[in-house]
Amino acid sequence: MATEIKDLNSYNSINNIDFGEKVIFFKFGGDWCDPCKQLETNLECIPDLILYNIDVENDDFENFTVENNIYTIPHTFVKYKNKTIDFKGVKSVEELTELISNLKNK
């Protein structure tokens, strides 16, 4: 189950936490976005990850989305320890599993 991040300060605080072996997903999207819902459904099939949702219509993230070229949703940042990658669109469960494996082995 995803947790919603409502402001940039919370995002920055959470992003600085050491989650150990957990993989963290920050998904920028919207409740009205069908691909965003599909991605969330796929992520729920993968154990041991933490998912945070950020609404792209949240004014507190306006500058952040511009600075990080978030123009297509879903746009997801994936963090493992001190490594971060991002991707746009929906990925299958298999693609997500491979992405996580590659991130952990970088």
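Residues being of a type in the set (Val, Ile, Thr) and outside any strand (DSSP E or B): count how many of those fall in region 66-89. Don't jump to the end; show me each part of the working.
Let us first name the residues in region 66-89 that are of a type in the set (Val, Ile, Thr), namely 66, 70, 72-73, 76, 78, 84-85.
Within this subset, residues satisfying the condition of being outside any strand (DSSP E or B) are 66, 70, 72-73.
Here the count works out to 4.
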Could you run through region 62-81 and say how many residues are over 21 Å from Asn42 (Cβ atoms) and either under 12 Å from the mean Cα position of the chain (by Cα) or loosely packed, with under 15 Cβ neighbours inside 10 Å (or both)? 7
Failed criterion for Leu103 (all others in (1) in a strand (DSSP E or B); (2) within 20 Å of Gly20 (Cβ to Cβ) hold): (1)
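Does Glu40 satisfy being of a type in the set (Asp, Glu), assigned to a helix (DSSP H, G or I) and surrounded by fewer than 17 Cβ atoms within 10 Å (Cβ to Cβ)? If you could, list the steps in order and put the result at the bottom.
Numbers: of a type in the set (Asp, Glu): yes; assigned to a helix (DSSP H, G or I): yes; surrounded by fewer than 17 Cβ atoms within 10 Å (Cβ to Cβ): no.
Criteria not met by Glu40.
Regarding Leu96, is this residue surrounded by 13 or more Cβ atoms within 10 Å (Cβ to Cβ), within 14 Å of the chain's Cα centre (by Cα), at pLDDT 95 or above and not in a strand (DSSP E or B)? Talk me through it step by step, then tell me what you get.
On the way: surrounded by 13 or more Cβ atoms within 10 Å (Cβ to Cβ): yes; within 14 Å of the chain's Cα centre (by Cα): yes; at pLDDT 95 or above: yes; not in a strand (DSSP E or B): yes.
Spelling it out, Leu96 is indeed surrounded by 13 or more Cβ atoms within 10 Å (Cβ to Cβ), within 14 Å of the chain's Cα centre (by Cα), at pLDDT 95 or above and not in a strand (DSSP E or B).
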Output the number of the condition that Thr84 fails; it satisfies all remaining conditions of (1) surrounded by 17 or more Cβ atoms within 10 Å (Cβ to Cβ); (2) within 13 Å of the chain's Cα centre (by Cα). (1)
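To keep it simple, each residue is scored yes or no on (1) polar (S, T, N, Q); (2) surrounded by 15 or more Cβ atoms within 10 Å (Cβ to Cβ); (3) under 15 Å from the mean Cα position of the chain (by Cα); (4) closer than 22 Å to Asn105 by Cα.
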position: Thr3; (1), (2), (3), (4): yes, no, yes, no
position: Leu8; (1), (2), (3), (4): no, yes, yes, no
position: Gly30; (1), (2), (3), (4): no, yes, yes, no
position: Asp60; (1), (2), (3), (4): no, yes, no, no
Have a look at Asn42, Asn15 and point out the one that is farther than 22 Å from Glu98 by Cβ, in contact (Cβ under 8 Å) with a residue 24 or more places away in the chain and not hydrophobic (A, V, I, L, M, F, W, C). Asn15
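The values are calculated or read from the model by the stated rules, or taken from the named source; none is laboratory data. Small disclaimer: the values here were computed from a predicted structure and weren't measured. Note: ideal-geometry Cβ built from the backbone for every residue, glycine included; neighbour counts use all protein chains shown.
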